[in-house]
């Protein structure tokens with residue numbers, strides 16, 4: 001039961017952090033417009049693929065999850 005409680009607390013904390021990030025994303029002008037993000041605009045079509053932004057988010061989340069796992073002793 002203790003493991004489930006810790007898992008729920010960590011999941012809740014990550015959800016809160018993600019929600020706060022979504023709230024402040026509009027205030028970060030470079031977020032989604034990094035070099036390496038793919039933008040294409042045609043006449044009747046536009047395509048946006050935030051490749052570099054996704055990589056940076058992935059690296060940050062990997063570091064955070066590894067730190068949490070070290071504290072949990074896994």
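A short reminder: the numbers here are calculations on the coordinates, not readings from a lab. Treat the numbers as computed from the prediction; the structure is a model and nothing was measured. As a convention, Cβ positions derive from the backbone with ideal geometry for all residues, glycine included, and neighbour counts pool all protein chains shown.
Worth pointing out:
- Residue satisfying all of: in the stretch 30-46; over 13 Å from residue 57 (Cβ atoms) and touching a strand residue (DSSP E or B) at 6+ places or on another chain (Cβ under 9 Å); surrounded by the most Cβ atoms within 10 Å (Cβ to Cβ) among these: 33
- The sole residue among 15, 4 that is out of contact with any helix residue (DSSP H, G or I) (no Cβ under 6 Å at 6 or more places or on another chain), surrounded by fewer than 10 Cβ atoms within 10 Å (Cβ to Cβ) and not in a strand (DSSP E or B) is 4.
- Of the criteria (1) assigned to a helix (DSSP H, G or I); (2) free of Cβ contacts under 8 Å to residues at least 60 places away in the same chain, which one residue 30 fails: (1)
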